[in-house]
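Engineer: Pasting in a structure now, in C-alpha cells, and then I'll have a few things to ask.
Bear in mind that the values in this text are calculations on the coordinates, not laboratory data. Here the structure is a predicted model, which is why all the values come from computation and not from measurement. A quick note on method: Cβ atoms are made from the backbone with ideal geometry, for glycine too, and the neighbour counts reach across all protein chains shown.
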Amino acid sequence: MTATPPSSKRMKTRVVRSSGKLGGWFSRESELIGKYLHEISRKIVSTPKLVSFTWMKQQNLTAVRSLLKEQRLKIFLELSGNIYPNLVKVFYTNLQFNGDTLNSHVKGVDIVITNDVWAAINGLKFSRLRINKGNLRVIKEFNKMQFYKNCLKNPLSKVRIFSVGGLKLDERLIVFNFSWIITSRGSNHSTLSEEDLLLIYCIMNKVKLNWIHIIKDHMQKAIRLSNFHYPYAILISKFLHYFEVDIEEELDELIKPSSEINSGSLRKIGFTKIGGRWVSKDGD
C-alpha cells in the first residue's frame, strides 16, 4: 500500500517546528530547511578514515608512501580531528560549484573555497592532470585489462570482474587509500571501476593528478546520487574551522583509532607480516 504523501500544510508545519536549530543552520531560509528535512538529512555521512605516513615508514611500505607523497596527498590523507556530521550535511545542502571555486553557507557564514584555501587546509593545488568519468581516454597508452592483470598477484588469472581481492600489496594499499579516503564510497569496496584503475595507473606511474578536481567531481556525485554517502567529513569540518563557523553546541564526533588504516587493515585484506615484510597470506 502506497503511503499518502504529507500535505503541504503538514510539511510547512514540520519546517516551522524545526526552525529553531535548523533556522540557525540555514539563516531561516525556509526553502533550504525543507530541502534539508526531506532530502539531505536522510543521507549518510561516510565514516572518515585516515592513514599515517609514519606508520607506512615503520611497516616498510616505502614504495606506496613515496608514490602518495609524489602526488602531494600526505596532508590530506593524514587529516584528523573532530567532525560535525550535521553541519557537513548543511554544507552539502548549500554547496555550489562556480568554476574553480566552491561556495556554501553555514550558520550565517559564507564559505568561499578558493585555491588558496585548499592549499592552506591540505596542501593541494588546482593544477596537474584532470581525470573524471568523462575523460578516461586522456592517457592513450592506458589499457584497463592489461594494467589490471599487471596488478594481480597472479597475472594469468581469468578476469571476470575487476576485483580488489587478487591485487598485489602496493596496489591494494593504494586502492584502500582512495576508496576509503580520496574518493570514499559508502559500499562496494571490492570492485574497481575503470576510473579507479586509471587512478591507480597514474599513481603507480607518477602521473601527477589534479586531486582538487577529482574531489570536487566526487562531491558532485554525492549530491546527484540519492544513495551516495556524503564524503570528506574531516575536510569539510576543517573548512568550517577555517571560516570560523560557530560549532558550539553542535554534534561532534572524534575520529577513533579504529578509523586509521593500519596493520589490522592489512590483515583483514589478506596480508601477513613475515620477517619484517608484508606478504600475501595465500602465498601468491
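Engineer: For Lys107, list the aspartates and glutamates whose Cα falls under 18 Å from its own Cα; do not include residues on the same chain fewer than 8 positions away.
Structural biologist: By straight Cα distance, Lys107 reaches Glu29, Glu31, Glu244, Asp246, Glu248, Glu249, Glu250, Asp252.
Engineer: In nm, give the distance between the simple-model label positions of Leu156 and Asn60, each being 7 Å from the Cα along the Cα-to-Cβ direction.
Structural biologist: 2.8 nm
Engineer: With N denoting the number of residues in the range 162-259, provide Rg(C-alpha) divided by 2.2 N^0.38 Å, to two decimal places. Don't jump to the answer; show the numbers that get you there.
Structural biologist: Numbers: Rg = 15.6 Å, N = 98, 2.2 N^0.38 = 12.6 Å.
Working it through for the range 162-259, the quotient is 1.24.
Engineer: Follow-up. Go through Lys57/Lys238; Lys216/Lys256; Lys35/Lys125; Lys74/Lys168 and tell me which ones have a Cα-Cα distance over 29 Å in this structure.
Structural biologist: Correct reply: Lys35/Lys125.
Engineer: In deg cm²/dmol, rounded to 500, what helix-only [θ] at 222 nm does the chain give when every DSSP H run of at least 4 residues adds -39500 (n - 2.57) and the total is split over its residues?
Structural biologist: Computed ellipticity for the chain at 222 nm equals -11500 deg cm²/dmol.
Engineer: Once the cut-off is 24 Å, how many percent of the Cα-Cα pairs in the range 51-165 end up in the long-distance tail? It would help to have the intermediate numbers written out before the result.
Structural biologist: Details: 3459 of 6555 pairs.
Looking at the range 51-165, the distances longer than 24 Å represent 53 percent of pairs.
Engineer: While we're on this one: Stick to Cα atoms and the Kirkwood definition of Rh, then tell me Rg/Rh for the chain.
Structural biologist: Reported Rg/Rh, Kirkwood definition of Rh: 1.01.
Engineer: What list of ³J(HN,Hα) values in whole Hz, one per residue of the range 252-257 in order, does the Karplus curve 6.51 cos²θ - 1.76 cosθ + 1.60 (θ = phi - 60°) give from phi, with Gly and Pro shown as x?
Structural biologist: Calculated HN-Hα couplings, in order: 10, 10, 8, 5, 7, x Hz.
Engineer: Please compute the alpha carbon radius of gyration of the range 202-284, then divide it by the globular-protein estimate 2.2 N^0.38 Å. Two decimals is fine.
Structural biologist: 1.57
Engineer: Let me ask something else about it. State the dimensionless ratio Rg/Rh of the range 192-242 (Rg: radius of gyration of Cα atoms; Rh: Kirkwood radius).
Structural biologist: Rounded to two decimals, Rg/Rh equals 1.04.
Engineer: Run the quick spin-label model on Ser80 and Asp116: label points 7 Å from Cα toward the beta carbon, then report their separation in nm to one decimal.
Structural biologist: So the label points at Ser80 and Asp116 sit 3.1 nm apart.
Engineer: Along the charge dipole of the chain, Cβ charges K/R +1 and D/E -1, which of Thr191, Met204, Val64 sits furthest on the positive end?
Structural biologist: The listed residue farthest towards the positive side: Thr191.
Engineer: Among Trp180, Ile247, Tyr230, whose Cα projects farthest towards the positive end of the dipole of the range 158-264, with charges put on the beta-carbon of Lys, Arg (+1) and Asp, Glu (-1)?
Structural biologist: In the range 158-264, that residue is Trp180.
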